[in-house]
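One structure is given here, and the rest of the page talks about it.
FYI, it's all coordinate maths here, none of it is from the lab. In this text the structure is predicted, and so the values were computed from the model without any measurement. As a convention, Cβ positions derive from the backbone with ideal geometry for all residues, glycine included, and neighbour counts pool all protein chains shown.
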Amino acid sequence: MRNALGSIISIVVFLTVFGGFGVLLYNNAQQAKPIRVIVPTEPPPTISVNSLADIFSVGFGEDSTPLPTIAIPTQRFVAPTLPNTEVANIGQTNSPIELYTLAPISQGQTPTPIPPTPTPFVGGEGETPVALIAPQSRATDVWQPPSLPVPQSNDPLGRDHYILARPVDSNARNYGLFYYPYGADGSATIGAERVHHGVDFSNPVGTPIRAAGSGIVVFASSEEQPTLPGSPAYGQVVIIEHDFGWKGEPIFTLYAHLERPLVQAGDVVEMGQVIALSGNSGRSSGPHLHFEVRYKQNLFGSTYNPALWIVPYVGHGTIAGKLIDTRGNDVEDILVTARNLTDGRVFTTQTYTFDGTVNEINADPEWDENFVIADLPVGRYEVIVSWNNQRISQVVHVFEGLTTFVELQPVQAATPQPVDSSP
Ligand SMILES: [Zn+2]
């Protein structure tokens, strides 16, 4: 009897255990999903570059500098440089730089400084220095590459702030004069010592001037106020306070030596809107637009290098740098050359001159530079200065729409060597 009962219990246990296991197996089998093999249906990503062709194919947006209305020159664009005498002493050590001749692209179109004739500078608050620029005849074959879209701030550390458009179209000179850049004192090239608070775009009277960004006109010359009060040197002026800023601080742009404004104080303007015609008014020796970027305050002492605020051309970038002595102090008023290591073209500027007044120029809030070479075709460059009997250089790469920073510092003075007294 006990055996029979044991057998029944054994059978029940057996059925329960294996029956339950079977149910589990069955259920699991139901839930299993077939293995799917994912076959890629899209081509693998390709390297995407901001190619000129791509940009041309989609246009530049209605806010950007309009396309040129003239035929594109068949010869390549060559930036003007300092006269040969100004670069002749560079590269005197081991790798002499080819002396650069003026651009062959447009005979007679390259801005030519008239012979320096120093004129007494009548100082005063807000007095602006001006370049001595030869009057230009109407240029019809001048064309610059189109600008990148505004804004550009691709620096991984967020330092770039190319948030302004060029105030002059691509079919006119919309690059700053190389021989009188921002912060230069002018003594070497224009025959007058006036630290430059802006950049000069040399163009014929009547060239359309566009707002570098949207905002409100806070000053425009009028019959009642022909020039900026206290600053007759500017001639006819427009100042815009932009409706955007940088790091919470306002930005102003100033347009001087105008033929006449086309806006009035209080007008709201859009980026790219024609606001004036360029001219030769005020303290100016030739038709040009003097363009300033003022940051934080609308003051003569609050200007910054416009080359770090206006957007680069397609296929171009910028070198910002600092030339310092062995103690880390700024070295002022020294010629700086960037030499393209592929084609040998050279581009020049000068280190800033800080004059120690409340009206002095400023290093960029992000870069703390003391020189900028703008509008450089992408590529590898050697940045060179010849200072204190030393040739100081660094090799850098210029990327499209980006600032490349370079610091130049002489090596510590070498230990004096014993004088060789042998005959
Ligand atoms: Zn100027």
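Here are the numbers:
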read-out	value
Dipole of segment 335-396 [Lys/Arg +1, Asp/Glu -1 at C-beta], most positive-end residue of 395, 354, 370	395
Ranking of 288, 161 by count of other Cβ atoms within 10 Å, fewest first	161, 288
For segment 197-235 versus segment 255-284, the gap between their alpha-carbon centres in whole angstrom	5
J(HN,Hα) series, segment 290-301, from Karplus relation 6.51 cos²θ - 1.76 cosθ + 1.60, nearest Hz, glycine and proline x	9, 10, 10, 10, 10, 10, 6, 9, 8, 9, 4, x
Ranking of 234, 162 by count of other Cβ atoms within 10 Å, fewest first	162, 234
Among 222-229, 392-399, the order from most to least packed when residues are scored by Cβ within 10 Å on average	392-399, 222-229
Distant-in-sequence amide H partners of residue 366 (H built 1.01 Å from N, under 5 Å)	none
Per-peptide average of other Cβ atoms within 10 Å, ordering 143-150, 353-360, 305-312, 170-177 highest first	305-312, 170-177, 143-150, 353-360
